[in-house]
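Following: one structure in structure tokens, then a few remarks.
What follows is calculated from the coordinates using simple rules that are stated; it is not laboratory data. Predicted model, so just to flag it, every value in this text is computed and none were measured. Virtual Cβ from ideal backbone geometry, glycine too; neighbours counted across all protein chains shown.
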Amino acid sequence: MILTLTQKLGGMLVLILTLMGGSAALSWQIQDWRYGTKISKEAGLHKDDLIAISNAAASQVRIQQEKRQALEQRLSASEQSHYRALSDAQRDQGRLRDRLATADVRLSVLLDANDAAATCAMPAASGTGGVDHGAPRARLDPAHAQRIIAITDAGDSGLIALQACQAYIRALAR
């Protein structure tokens, strides 16, 4: 009887140990399932965060590209207008030089009426078909007039280049 009781207790002990082992294995499987679910949720959230960051970065790049293109267009338009102004000024200077060379136009300077050297009988330059009753003037030699026109041409070109540089800096500063 003791033997049967011991056998019964032993069998029950084996049954209890088996149940406990199965319970532990089941417990491990449940924890594994829980952690797997939690990790997959976190991975999904991480993926969503990465997508949001990527979209924000792409948006910033697109905005910067649009700004750069707008600046390039403004600079191109400004460059074209300054090139046009420079070519117009050069064309006008060329016409004036040609008119001076053909004696179509003469440059003259005002004489100072208070200057003792200017009191000599210098005739006033007269226009075509009329007499100038203004201050006495002296005509310049055509060669000197050409040099003066060249100097003003260089000055005009310099001013136009300066305006182009200032417009470029203003466009960059915006």
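Annotations for the structure displayed:
- Packing-based order for 149-161, 36-48, using average beta carbon neighbours within 10 Å, highest first: 149-161, 36-48
- Each residue of the range 68-85 was assigned a 3J(HN,Hα) from its phi angle through the Karplus curve 6.51 cos²θ - 1.76 cosθ + 1.60 (θ = phi - 60°); the sequence is 5, 5, 5, 5, 4, 5, 4, 5, 5, 5, 5, 5, 5, 5, 6, 5, 5, 5 Hz, with glycine and proline shown as x.
- Phi angles across the range 160-172 convert, under the Karplus curve 6.51 cos²θ - 1.76 cosθ + 1.60 with θ = phi - 60°, into 3J(HN,Hα) values of 5, 5, 4, 4, 5, 5, 5, 5, 5, 5, 4, 5, 5 Hz, Gly and Pro given as x.
- Under 17 Å from the Cα of Lys41 - aspartates and glutamates, other chains or at least 8 residues apart: Asp32, Asp49
- Calculated FRET value between Gln166 and Leu50, using beta carbons and R₀ = 41 Å, to 0.05: 0.35
- Interchain or long-range residues, amide H under 5 Å from Val105's placed H: Leu100
- Sites Glu42 and Gln64, calculated FRET efficiency, Cβ-Cβ separation with R0 25 Å, nearest 0.05: 0.15
- FRET efficiency, 1/(1 + (r/R0)^6) with R0 41 Å, evaluated for Ala154 and Arg74 via beta carbons: 0.90
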